[in-house]
1. Taking the square root of 5 times each eigenvalue of the Cα gyration tensor, what semi-axes in Å does the equivalent ellipsoid of the stretch A:189-321 have, largest first?
2. Rank-order A:378-391, A:121-134 by packing density, defined as the average count of other C-beta atoms within 10 Å over each peptide's residues, highest first.
3. So how much slack lies between residue A:52 and residue A:74, counting 0.36 nm per residue of separation and subtracting their Cα-Cα distance, in nm?
4. Going 7 Å from the Cα of residue A:461 in the Cα-to-Cβ direction, what parts of the stretch A:390-404 have a backbone nitrogen less than 18 Å from that spot?
5. How big is the Cα convex hull of the stretch A:75-208 in projection, averaged over all directions, in nm²?
6. Give me P(r) over the stretch A:282-359, computed from all C-alpha to C-alpha distances, binned every 5 Å, as integer percentages.
7. Starting from the Kirkwood Rh over alpha-carbon pairs, what translational D in µm² s⁻¹ does the stretch A:112-160 have by Stokes-Einstein at 20 °C and 1.002 mPa s?
8. If R0 is 30 Å, what FRET efficiency do you get for residue A:403 and residue A:202 from their C-beta distance, rounded to 0.05?
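Readers should treat all values here as calculations from the given coordinates under stated rules, not as data from a laboratory. What you see is a predicted model; the values in this text were computed from it and never measured. All Cβ positions, glycine included, derive from the backbone under ideal geometry; neighbour counts span all protein chains shown.
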RNA sequence: GUGGCCAUAGUGAAAUGGUUAUCACGUCAGUUUGUGGUACUGACAGUACGGGUUCGAUCCCCGUUGGCCACCCCA
């Protein structure tokens, strides 16, 4: 990606040599900049800092050419959310740092090495949110949403921040959408969240695999961790250094190890499903049954351990089906968080969530060149010649809009040639042309840009005639 | 956070330790002050930043910044 445009050359030239002995003759056509203006005040601007101000590492502009994708994904999220009865919520990007320290767990990677935490001007410790679930829970508590009919179903869309080393599909500011269901412990909730996620990807045509596991409740995990640690201790000579370290700090993380040598040990390691209480196991089985009923394929992955402490019971991750898609294959993650709300000061309230990564979904859509809904494009271009006709053209443009016909124009341009060129470049099927003659006659030329055929029509009837041409006016 | 690769107009490429850094696309203007797609002419725009080596650096070296890749981890 190249750096943006530099500052204009003429300005640079004038400031760069304020005491030039001999001004070289200015090239014909070069814009003339008044010398006195810059020579008199050579102050700050006279010391040009060539360093280009550029994006902070891991930040990205979403350029106009990409908005097409963003809009499509946004509308799909919104559509699914509304179809499933979710209300929209927007929470601030900046939150009290302790929200995430308490919410996500202090030994998680996100909190330990990725979170943007700093003191603001009041010396308050604030955080750029690394995810939104904690914020949604905060809002749920702060606004007494437990007094609303349960479950409360919310969806969001916005930027998240994690200070990581960027690469494709991994940024420091990235966007997530999300579905949250608070106040219901039924496994059908888990299944529904997964179903919504599945629809999001499949309706775009992105093939995905849903990895699913249960992490049980803390008691289950404690029991399991003991077994796991015991098992790994027995094999301590065969594991990598990292696994040994993990075993001390966050034992379940050993299941994430990709080290070749650790694989056999990992494969025979105790599985958490065998240590779940009846309650947790029944819940998990129910979730899987619902998914079976819905025909949603899943992959039972007992090494799936998610990076946030707040998860309980069901956890899942959506992964691209193709192997060769690079390393950023995790498109989305989610799960149940039955204890988070209590942890953040509410009464015990079960909940479940999912957070699809928007950039990664868009990356998939682009890589696979998947079709998206058609864009709303102008149907007609309004061209004019000279000031008198420009006024009429402006009126026509307004009328077209009122009739619901999307039009385009470049009223600041003079030549008809340039205007038709513009219409052509934008592939606009029709053009209205108004010149002196048409103004006097009260007419306008309607040109079919495809065939070049044009006819003169009455100015006042133009929108209706065009409507008929476009087939927008249905025969009665 | 660790390691590696990379950085030339808006985009994609080319070139060189020595005048003015090349080409294509692009953008703007023009080739009849009333007609687009083709053609022609012209203009615009660049060696990321800072330092070092050198008579001389866009080229060699170091640093910074940024991108990409792998790991960590995840979205």
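1. Working: eigenvalues 164, 62, 26 Å².
Taking √(5λ) for each eigenvalue gives 29, 18, 11 Å, largest first.
2. Details: A:378-391: 20.1, A:121-134: 17.7.
Ranked by mean Cβ neighbours within 10 Å, highest first: A:378-391, A:121-134.
3. Working: separation 22, 0.36 × 22 = 7.92 nm, distance 3.27 nm.
Taking residue A:52 through residue A:74 to full extension adds about 4.6 nm, to one decimal.
4. A:396, A:400
5. Values: hull surface 39.2 nm².
Projected over every direction and averaged, the Cα hull of the stretch A:75-208 covers 9.8 nm².
6. Pair shares across the bins are 3, 12, 20, 24, 19, 12, 7, 2, 1, 0.
7. Values: Rh = 12.9 Å.
Translational D for this selection: 166 µm²/s.
8. Numbers: r = 38 Å, r/R0 = 1.27.
It comes to 0.20.
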